[in-house]
């Protein structure tokens, strides 16, 4: 699969139809692994990092189906292409900004990515649309078994898998769920909910994970530590909390529709009007407006708007994608004009 085809096609894990897809955009399961007998990446000299990347590439493609997986070398990849892969959640910010030889294997439908030489030697991640923690875990676990047939992992009988970051020691599992929570934001209950979540040792992050702020009312919730807990314990705790948050968001949506219908409709229709008529629009404003429109669709207060298109616009209007589609590096003001033009075309109002 060529990079241009990946970058310009819809992202399958954002497709509607998954469980609780009105609130849950996607589920991700990520496993951190390291190769036995080798130092962690921050202790590897450049020549050994290059040798390790070549070794991992061979092992990953041998474990998977080479005709189904595509390996991308990141060291010489243009910055805009790396940015697009970050925006698609196929690689992390750390891998995109790293130094030295590093790569990623992208699987069918862009749901599976195996990163080499990120913070750990290997990072395997599986995405699913909607709330599918068990399904994503089972798939990741099966892939991990295939990789372990090729690579001997660093493992301690007492501690579990050893990783560069202490929070990943143990199972090496980071499970996360991406939630769209506009009603909790509008009713000003979001901080109360997340304060309760943090007391359960779960992390709340923005659209692009650690170190990012929430935009478009989209939040990622994940386990913070994996040591001392089995994979099933981690998934059960996270799943229970996510189910509660889904219930709170639904209650908040019902309250908005019942108590402030005129104000709600005004917000939704204004957002639609700006998206379909703006000539200049920033990335941050776009996500906020798309959030309102997405809420309106699921509350059945905006009709005739395709939810798949709105979900896709969350991704395709990001900085890297706009430049990639234009085939040129653009300044901020140029991107804002190009973004508005693209949105109008996608929504059929150009």
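Could you please let me know if residue 263 is without any contact (Cβ under 8 Å) to a residue 24 or more places away in the chain, part of a loop (DSSP other than H, G, I, E, B) and more than 19 Å from residue 205 (Cα to Cα)? It is false that residue 263 is without any contact (Cβ under 8 Å) to a residue 24 or more places away in the chain, part of a loop (DSSP other than H, G, I, E, B) and more than 19 Å from residue 205 (Cα to Cα).
Please work out if residue 301 is touching a helix residue (DSSP H, G or I) at 6+ places or on another chain (Cβ under 7 Å), farther than 15 Å from residue 218 by Cα and modelled with pLDDT of 95 or more.
It is true that residue 301 is touching a helix residue (DSSP H, G or I) at 6+ places or on another chain (Cβ under 7 Å), farther than 15 Å from residue 218 by Cα and modelled with pLDDT of 95 or more.
Among the residues of this structure, residue 52 counts as one that is in the same structural domain as residue 236 (by TED's automatic domain parsing), part of a helix (DSSP H, G or I) and buried (at least 18 other Cβ atoms within 10 Å of the Cβ).
Regarding residue 105, is this residue free of Cβ contacts under 8 Å to residues at least 24 places away in the same chain and touching a helix residue (DSSP H, G or I) at 6+ places or on another chain (Cβ under 7 Å)? Step through it out loud before you land on a result.
Working: free of Cβ contacts under 8 Å to residues at least 24 places away in the same chain: no; touching a helix residue (DSSP H, G or I) at 6+ places or on another chain (Cβ under 7 Å): yes.
So residue 105 does not fit the description; no.
Within the range 162-183, being over 23 Å from residue 135 (Cα atoms), part of a helix (DSSP H, G or I) and modelled with pLDDT under 95 holds for 166, 167. Restricting attention to the range 184-207, the residues that are in a strand (DSSP E or B) and either surrounded by 19 or more Cβ atoms within 10 Å (Cβ to Cβ) or modelled with pLDDT of 90 or more (or both) add up to 3. Scanning the range 116-144 for residues that are without any contact (Cβ under 8 Å) to a residue 12 or more places away in the chain and over 19 Å from the mean Cα position of the chain (by Cα) yields a single hit, 142. Only one of the numbered conditions (1) closer than 17 Å to residue 250 by Cα; (2) at pLDDT 95 or above; (3) over 21 Å from the mean Cα position of the chain (by Cα) is not met by residue 147, and that is (1). Taken over the range 95-107, residues that are more than 21 Å from residue 175 (Cα to Cα) and assigned to a strand (DSSP E or B) amount to 1. Checked against the criterion of being part of a helix (DSSP H, G or I), surrounded by fewer than 14 Cβ atoms within 10 Å (Cβ to Cβ) and modelled with pLDDT of 95 or more, the range 267-276 contains one or more residues that satisfy it.
The set of residues from the range 36-49 being closer than 17 Å to residue 153 by Cβ and outside any loop (DSSP other than H, G, I, E, B) comprises just one member, 41.
Anything in the range 108-124 that is outside any strand (DSSP E or B) and surrounded by fewer than 23 Cβ atoms within 10 Å (Cβ to Cβ)? List them, or say none.
Just the residues of the range 108-124 that are outside any strand (DSSP E or B), to begin with: 108-111, 117-121.
The answer is 108, 109, 110, 111, 118, 119.
Quick check on the range 208-257: of everything there that is in a loop (DSSP other than H, G, I, E, B), surrounded by 13 or more Cβ atoms within 10 Å (Cβ to Cβ) and at positive phi, which residue is modelled with the highest pLDDT? Top of the filtered list is 217.
Looking at 291, 282, just one residue is crowded, with 21+ Cβ neighbours inside 10 Å and not assigned by TED's automatic domain parsing to the domain that holds residue 96, and that residue is 291.
Here's the yes/no breakdown for (1) outside any loop (DSSP other than H, G, I, E, B); (2) in contact (Cβ under 8 Å) with a residue 40 or more places away in the chain:
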{"site": "295", "(1), (2)": "yes, yes"}
{"site": "301", "(1), (2)": "no, yes"}
{"site": "313", "(1), (2)": "yes, no"}
{"site": "324", "(1), (2)": "yes, yes"}
{"site": "339", "(1), (2)": "yes, yes"}
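Scanning the range 125-152 for residues that are assigned to a strand (DSSP E or B) and under 19 Å from residue 225 (Cβ atoms) gives a single hit, 125.
Residues in the range 145-171 that are within 30 Å of residue 17 (Cβ to Cβ) and either in the same structural domain as residue 264 (by TED's automatic domain parsing) or touching a residue at least 60 places away in the same chain (Cβ under 8 Å) (or both): 146, 147, 171.
The values are calculated or read from the model by the stated rules, or taken from the named source; none is laboratory data. Values in this document were obtained by computation on a predicted structure and should not be read as measured data. Every residue, glycine among them, receives a Cβ derived from its backbone with ideal geometry; neighbour counts consider all protein chains shown.
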